Amino acid sequence: MTPAPLARAAVIAAALAFAAPAAAGFLTGAQWLKLSAEEQAAYVAGVYDALVTYSTTTVEAEASAHYQTCAARARLTPESMAAGLKGDLGDDAKLLAEPAPGAFLNYIIKLCGKPQVR
């Protein structure tokens, strides 16, 4: 993957996670926790892929590159990202009620910081 898709994916995931209701196809954090470990990792891999794959603007491309670089440096795997998200969700009622992609975005921002975009 190139850096450009990461930024677009980050922006799209953020927009979708916060704008779309859970009923629109996203699992809530509580629903995601009920998945098996393999399913959790696969779901997180899909959210991450969307975050880093789709970009149409320079800002999105820069954000995508930021998260791709961070993930590579941290040697993140779907399993490690799922474990991180699981730890962040904990018993936080607000996060558990939100769409899981939004919670993932919060997790990846904590881990990598916000992208410095122009």
Margin query: Could you compute the net charge surrounding Ala37? Neighbours are other residues with a C-beta less than 11 Å from the C-beta of Ala37; K and R count +1, D and E count -1.
Written below: -2
Note to self: What distance in nm lies between label points placed 7 Å from Cα along the C-beta direction at Val117 and Val59?
What the structure shows: 0.6 nm
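We did not get these values from a lab; they are worked out from the coordinates using the rules stated. Bear in mind the structure is a predicted one, so any value in this text is a computation, not a measurement. All Cβ positions, even for glycine, are placed from backbone atoms using ideal geometry, and neighbour counts span all protein chains on display.
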